[in-house]
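Scroll down for the structure; my scribbles are underneath it.
The values are calculated or read from the model by the stated rules, or taken from the named source; none is laboratory data. This is a predicted model, so every value here is computed, not measured. Positions of Cβ are generated from backbone atoms using ideal geometry, with glycine treated the same way; all protein chains shown enter the neighbour counts.
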Amino acid sequence: METDPIRQLHRKRINRVIDHIHAHLDRKLTVDELASVAGLSPYHFHRTFRALVGEPVARYVMRKRLERAGSLLLGDPSAPVSDIAYACGFSSPSVFSRNFRRCFGMSAETFRRTNCHAHSKNRQASGKRDPQDRSYSRYLCRHKTVKTGDTTMDCTFEIKELPALSIAYCRHVGPFDQMEGAFSQLMQWAYPRGLLDAPGLQLLSVYHDHPGITAPDKLTSDAGMVVPPDTRAEGCIGRYDIAPGRFAVGRFEIGMDEFREAWDAMFALIAEHGCQCAEGPHYELYRNNRDEHPGRKWIVDICIPVRPL
């Protein structure tokens with residue numbers, strides 16, 4: 001855990017800027033604006049951002065715009081490329097196309113056609129059913145059995161409105177399966193404040209990137225816990241709200257090596273139920289302590305924002 005108070009303060013400020021960037025990729029972002037969010041002069045903001053993030057702020061913003069565009073291209077195959085360009089903050093489709101090709105080595109249409117075909121094949125394979133099963137009843141039944149690859153998984157699945165959540169978090173950059181350090185820092189912050197003894201404690205992982213688009217060493221995720229809205233974040237711990245909205249929610253009882261298959265199952269079920277992923281954070285909400293489970297399994301809700309196709 002970082003103990004240098006100056007570095008903790010800078011980390012918190014830069015995380016606040018990153019949250020601001022992620023929330024406003026659809027419009028122009030100036031250095032003066034971002035420096036103001038950080039509470040630093042533009043000169044010190046540039047130096048601090050690069051030192052903590054590992055790349056200049058302009059390059060980071062461009063990368064996040066392009067990665068979001070890639071996610072939108074796969075998430076909505078019918079959306080015009082020009083609409084996606086403007087939704088990701090580009091001044092024109094031509095500027096978007098030039099930067100997209102430089103980043104991904106192909107045009108946006110080729111990227112969509114190539115990757116959507118792969119996703120479609122995977123979803124068709126995972127969604128195969130008995131030819132006799134033509135009843136609408138499967139849409140009314142919350143209990144699902146889904147096959148992903150060689151794995152068959154049981155879960156409960158529904159699409160429903162979820163309330164807003166106030167989150168305290170410790171940010172992790174890197175592979176999603178290496179978040180232990182971030183959770184450890186969060187626990188060290190929460191314990192002396194009595195937050196771990198609160199009734200109905202809820203821990204979660206919030207994911208901001210698409211692992212098929214963002215490089216593994218740059219994936220951004222948050223080790224989080226639900227806290228009262230007036231909770232004051234300190235040190236390297238940040239705080240934000242997850243907005244209420246319509247989510248696909250799947251509850252799984254799984255081992256550590258089954259999370260990828262559970263997420264694949266969720267995407268297949270979302271498509272089967274006439275929906276597609278919407279903008280917003282995807283998160284896992286943990287419902288138990290794995291060490292207290294007889295099979296050492298997690299009971300987890302996977303929550304994905306959705307909208308109709």
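Can you pull out the residues in the stretch 194-235 that are among the charged types (D, E, K, R) and under 16 Å from TRP263 (Cα atoms)?
ASP209
Taking PHE90 and the conditions (1) surrounded by 15 or more Cβ atoms within 10 Å (Cβ to Cβ); (2) part of a helix (DSSP H, G or I), which numbered condition does it fall short on, given that it satisfies the others?
Failing condition for PHE90: (2).
For residues in the stretch 267-292 being farther than 30 Å from SER78 by Cβ and touching an Asp or Glu at 6+ places or on another chain (Cβ under 7 Å), which is surrounded by the most Cβ atoms within 10 Å (Cβ to Cβ)?
Within the stretch 267-292, the match that is surrounded by the most Cβ atoms within 10 Å (Cβ to Cβ) is LEU285.
Within the stretch 160-172, how many residues are surrounded by 16 or more Cβ atoms within 10 Å (Cβ to Cβ) and either modelled with pLDDT under 95 or of a type in the set (D, E, K, R) (or both)?
Of the residues in the stretch 160-172, 1 are surrounded by 16 or more Cβ atoms within 10 Å (Cβ to Cβ) and either modelled with pLDDT under 95 or of a type in the set (D, E, K, R) (or both).
From the list ASP241, ASP264, ASP257, ASP230, pick out the single residue that is surrounded by 16 or more Cβ atoms within 10 Å (Cβ to Cβ) and on the phi < 0 side of the Ramachandran plot.
One residue alone meets the criteria, ASP264.
Is it fair to say CYS236 is more than 18 Å from ASP264 (Cα to Cα), at pLDDT below 95, surrounded by 20 or more Cβ atoms within 10 Å (Cβ to Cβ) and touching a helix residue (DSSP H, G or I) at 6+ places or on another chain (Cβ under 6 Å)?
Answer is yes for this residue.
Could you list all residues from the stretch 18-40 that are within 17 Å of the chain's Cα centre (by Cα), part of a helix (DSSP H, G or I) and of a type in the set (A, V, I, L, M, F, W, C)?
ILE18, ILE21, ALA23
Within the stretch 52-77, how many residues turn out to be buried (at least 20 other Cβ atoms within 10 Å of the Cβ) and among the acidic types (Asp, Glu)?
Adding up the residues that qualify gives 1.
What number goes with the only condition from (1) under 30 Å from GLN188 (Cα atoms); (2) not in a helix (DSSP H, G or I) that ARG13 does not pass?
Here ARG13 meets the rest and fails (2).
Do we have VAL53 as aliphatic (A, V, I, L, M), in contact with a His (Cβ under 7 Å, 6 or more places away or on another chain) and under 22 Å from ARG239 (Cα atoms) here?
So VAL53 does not fit the description; no.
Examine the stretch 206-222 for a residue that is more than 14 Å from the chain's Cα centre (by Cα) and buried (at least 19 other Cβ atoms within 10 Å of the Cβ), and state whether such a residue exists.
no
Within the stretch 251-273, can you find the residues that are outside any helix (DSSP H, G or I), at pLDDT 90 or above and either under 24 Å from GLY70 (Cβ atoms) or not small (Gly, Ala, Ser) (or both)?
Residues satisfying the conditions are ARG251, PHE252, GLU253, ILE254.
Against the definition (at pLDDT below 95 and either among the aliphatic types (A, V, I, L, M) or assigned by TED's automatic domain parsing to the domain that holds ASP217 (or both)), how does ILE18 come out, yes or no?
For ILE18, the condition - at pLDDT below 95 and either among the aliphatic types (A, V, I, L, M) or assigned by TED's automatic domain parsing to the domain that holds ASP217 (or both) - is not met.
Under 7 Å by Cβ, and 6 or more places apart or on different chains, what pairs join a residue from the stretch 5-33 that is surrounded by 14 or more Cβ atoms within 10 Å (Cβ to Cβ) with one that is polar (S, T, N, Q)?
Note: pairs meeting the criteria are HIS10/THR48; ILE14/THR48.
When you scan the stretch 184-203, do you find a residue that is of a type in the set (Asp, Glu), part of a helix (DSSP H, G or I) and out of contact with any helix residue (DSSP H, G or I) (no Cβ under 6 Å at 6 or more places or on another chain), even just one?
Scanning the stretch 184-203, I find at least one residue that is of a type in the set (Asp, Glu), part of a helix (DSSP H, G or I) and out of contact with any helix residue (DSSP H, G or I) (no Cβ under 6 Å at 6 or more places or on another chain), so the answer is yes.
Where residues in the stretch 146-159 are crowded, with 16+ Cβ neighbours inside 10 Å and within 26 Å of GLY245 (Cα to Cα), which of them is farthest from the chain's Cα centre (by Cα)?
Only one residue fits best here, namely VAL146.
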